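*Asks:* So that we are looking at the same thing, I have put the structure below in structure tokens.
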Amino acid sequence: MAFPATMVILPVGIIFILSGLIINVIQAVLFVFVSPISKYCYRKVNKVLTESLWLELICLVDWWAGVKVELYADSQTFQLLGKENALLICNHRSDIDWLIGWVLAQRTGCLGSTVAVMKKEFKYLPVIGWSMWFAEFLFLERNWAKDEKALKSRFKQLEHKPVPFWVALFVEGTRFTHTKLLAAQEFAISRGMTVPKNVLIPRTKGFVTIVQETRTYIPAIYDCTFTVPKGEPSPTLLRIFKGIPSSVKVQIQRHKVEELPETPEGIAQWCTDAFVAKDALLEKYNTTEIFSELELHETRRPKRSIFVVACWSSFLGFLLVKFFQWSSLLSTWKGIAFTVLFMVIVTVVMEVLIHATQAERSKTNLPANLPVQDPIKQRLLNPDTTKPSLII
């Protein structure tokens, strides 16, 4: 049964923000005083701190909304998950693909050591963005002259991470929408490329740089393909807060980095070909309802996230009760007003976090910079436009 989001956002927000601020302060102290002395110790401790915060969101996914993650992979790949450094390349299908990635990372023991390549605005998000910064996420300005140097510098630092880690990259650079697909199809036709139907055209510069800079210590690429079962709405963070269940299908194919081409052009073409294969996989699912021929593996929901949330709830609840007893905050109008203001701030911050995860909505009217399509080209780009479809 779905619950009003506000009934969940406020209590969850109080726990998440207060626990997150405590963790952020500890991370800052460790970064200033421990990191310069021992990067190894800093990363080991920070992994635990990061997991204790991110597990709160995973608890919502697993135990509140009951999001089901169906994982398809061959047996060898499944056994290696979490036991080796890996670069994950994914199609960006829903608002919470990153959170589904965290769920898979947690299942395999890589949650606190997972990093991702993201746009720089995310590092300014309260609590969660700050934790990503301390976890050594790579934030880009979408200015390649600056981003190339930043990527090369940061990957030199990641070489000596003490535990197996994942680097996640949404190569398309943005979330899939119908409007963006039309633009990608126009571009593909103009360049004589395979016209996509279910993915966008990958932006390969970042991928090429990452592969070149990490070949010596990242042995595998996990080619991940996400999709939502047909007829089901795409999961969002807001739907999770409402407790609305959903499911996601994920296929992971492992490729050895040593088997990739050596030249930048060859690496870029390999990435482009991988997305052509993703598109074919998703198109096959649309027509046959068979998503993957690989083995379906059960990934159990761990109880650790419940334990972490229960510990934080008890600890923060104890502190808040003692604080209200000591301050008599609720015995005066000023104190009541301060408490209400705090709750409003918590709600606003949580709304900001939810809004930051939402992709822009597709619009019926195409943007001004997209060429007007003639009827013949429109049928070429969208041969099934006469049939109703679910845009996610």
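The values are calculated or read from the model by the stated rules, or taken from the named source; none is laboratory data. These numbers come from a predicted model, not from an experiment. Using ideal geometry, Cβ is built from the backbone for each residue, glycine included, and neighbour counts are taken over all protein chains shown.
*Asks:* Could you check the stretch 252-272 and list, in sequence order, the residues that are under 23 Å from Leu80 (Cβ atoms) and among the aliphatic types (A, V, I, L, M)?
*Replies:* Within the stretch 252-272, Ile252, Val257, Leu260, Ile267 meet the criteria.
*Asks:* Next question. Counting only residues that are of a type in the set (D, E, K, R) and loosely packed, with under 12 Cβ neighbours inside 10 Å, which one in the stretch 304-341 is farthest from Leu81 (Cα to Cα)? Lay out the reasoning, then the answer.
*Replies:* Taking the stretch 304-341 and keeping what is of a type in the set (D, E, K, R), we get 304, 322, 334.
Still in the list and also loosely packed, with under 12 Cβ neighbours inside 10 Å: 322, 334.
On the way: Lys322: 44, Lys334: 54 Å.
Among residues in the stretch 304-341 that are of a type in the set (D, E, K, R) and loosely packed, with under 12 Cβ neighbours inside 10 Å, the one farthest from Leu81 (Cα to Cα) is Lys334.
*Asks:* Still on this structure: From the set of residues in the stretch 41-68 that are touching a Leu at 6+ places or on another chain (Cβ under 7 Å) and not acidic (Asp, Glu), which is surrounded by the fewest Cβ atoms within 10 Å (Cβ to Cβ)? Outline the logic, then answer.
*Replies:* Step one: of the stretch 41-68, the residues touching a Leu at 6+ places or on another chain (Cβ under 7 Å) are 42, 45-46, 51, 54, 57, 61.
Filter once more, keeping what is not acidic (Asp, Glu): 42, 45-46, 54, 57, 61.
On the way: Tyr42: 20, Val45: 16, Asn46: 23, Trp54: 26, Leu57: 21, Val61: 25.
The qualifying residue surrounded by the fewest Cβ atoms within 10 Å (Cβ to Cβ) is Val45.
*Asks:* Contact list please: Cβ distance under 6 Å, first residue in the stretch 111-137 and under 22 Å from Ile14 (Cα atoms), second residue assigned to a strand (DSSP E or B) and not small (Gly, Ala, Ser), pairs at least six apart or on different chains.
*Replies:* Lys123/Phe139
*Asks:* Collect the residues in the stretch 83-99 that are modelled with pLDDT of 95 or more and either crowded, with 20+ Cβ neighbours inside 10 Å or aliphatic (A, V, I, L, M) (or both), keeping them in residue-number order.
*Replies:* Selection gives Asn85, Ala86, Leu87, Leu88, Ile89, Cys90, Asn91.
*Asks:* Sort out which residues of the stretch 66-86 are of a type outside the set (D, E, K, R) and touching a Ser or Thr at 6+ places or on another chain (Cβ under 7 Å), and write them in order of number.
*Replies:* Going through the stretch 66-86, the residues of a type outside the set (D, E, K, R) turn out to be 66-67, 69, 71-73, 75-82, 85-86.
Within the stretch 66-86, Val67, Val69, Leu71, Tyr72, Leu81, Gly82 meet the criteria.
*Asks:* Let me ask another. Which ones in the stretch 1-40 are surrounded by fewer than 16 Cβ atoms within 10 Å (Cβ to Cβ), modelled with pLDDT of 95 or more and part of a helix (DSSP H, G or I)?
*Replies:* Leu21, Val25, Ile26, Ala28, Val29, Phe31, Val32, Phe33
*Asks:* Listed residues Cys110, Cys59; which is among the hydrophobic types (A, V, I, L, M, F, W, C), outside any helix (DSSP H, G or I) and under 30 Å from Ser292 (Cβ atoms)? Reasoning before the result, please.
*Replies:* Numbers: Cys59 fails: outside any helix (DSSP H, G or I).
None of the others qualify; the one that does is Cys110.
*Asks:* From Ile210, Ile221, Ile189, which residue is of a type outside the set (Asp, Glu), in a helix (DSSP H, G or I) and in contact with a strand residue (DSSP E or B) (Cβ under 9 Å, 6 or more places away or on another chain)? Give the derivation first.
*Replies:* Numbers: Ile221 fails: in a helix (DSSP H, G or I); Ile189 fails: in contact with a strand residue (DSSP E or B) (Cβ under 9 Å, 6 or more places away or on another chain).
The conditions single out Ile210.
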